[in-house]
Amino acid sequence: SQQGEEDPQALSIQEGENATMNCSYKTSINNLQWYRQNSGRGLVHLILIRSNEREKHSGRLRVTLDTSKKSSSLLITASRAADTASYFCATDAAYNTDKLIFGTGTRLQVFP
Amino acid sequence: EPEVTQTPSHQVTQMGQEVILRCVPISNHLYFYWYRQILGQKVEFLVSFYNNEISEKSEIFDDQFSVERPDGSNFTLKIRSTKLEDSAMYFCAIQLQEDYEQYFGPGTRLTVT
């Protein structure tokens, strides 16, 4: 089964606007992590939110987690052209494993 | 964020050849992982390595794959006889403690011709 699904699949905005990406998952989790990937490059860790947390901030990033709905959102405020990338959520499974299961990603394009 | 380097950045090999991908975590760590990402697809878990042994592996990680820490710092992924479908980006990841962040290396792009 597919654990992580992001939506939208693609998002285009102007610089200065906010970007919101959503992630849904199916099983119980210990934590959820968000990553950024520039085209053909590595995965950059953005933020980790634990299952007992509801919201977390890091700079211009705000992540929420709703375990009852098995969903998370990533908000990037005051977006910049440099934020153009693909964004992935990744979950572990609550049972005795730390392997990450990645979603399909949201491709964000920020126009200057 | 811990630094993770991977070598080579790009490897081209012929079908049936053996390849070794290397990962060098520059920090103390407990857990190592290999993931791969076929072009345009999701990042997929391959194997986790803890306390010098495999702790978990996926269905993808068949007998053609192996991992080891040959000198206590490098962490390698070997593919014994590459297939065309092994073409992908391979990422090493490290985790300092259980339930903590996983930090990824820049990846090795493997092209099998």
Worksheet item: Does B:ASP99 satisfy the condition of being in a loop (DSSP other than H, G, I, E, B), out of contact with any Lys or Arg (no Cβ under 6 Å at 6 or more places or on another chain) and either facing chain A (nearest Cβ under 8 Å) or open to solvent by less than 20 Å² (accessible area, probe 1.4 Å) (or both)?
Response: yes
If we keep only residues of region B:24-42 that are of a type in the set (Ser, Thr, Tyr) and modelled with pLDDT of 90 or more, then the residue surrounded by the fewest Cβ atoms within 10 Å (Cβ to Cβ) is B:TYR33
Of B:PHE45, B:PHE91, B:PHE65, the only residue that is of a type in the set (Phe, Trp, Tyr), open to solvent by less than 80 Å² (accessible area, probe 1.4 Å) and more than 23 Å from A:VAL44 (Cβ to Cβ) is B:PHE65
Check: Does region B:74-89 contain any residue that is modelled with pLDDT of 95 or more, assigned to a strand (DSSP E or B) and facing chain A (nearest Cβ under 10 Å)?
Finding: yes
Okay, strands (runs of 3 or more DSSP E) sitting entirely in region A:8-112 with 3 or more residues that are within 24 Å of B:PHE91 (Cα to Cα) and within 14 Å of another protein chain (Cβ to nearest Cβ), I get A:31-37, A:43-50, A:85-91
Scanning region B:102-113 for residues that are within 11 Å of chain A (Cβ to nearest Cβ) and open to solvent by less than 10 Å² (accessible area, probe 1.4 Å) gives B:GLN102, B:GLY105, B:GLY107, B:THR108
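The values are calculated or read from the model by the stated rules, or taken from the named source; none is laboratory data. Just so it is clear, the model here is predicted, and its values are computed rather than measured. Neighbour counts run over all protein chains shown; Cβ positions are idealised from the backbone, glycine included. Side chains included, ligands, DNA and RNA excluded: accessible areas come from the protein's heavy atoms. Shrake-Rupley method; radii C 1.70, N 1.55, O 1.52, S 1.80 Å.
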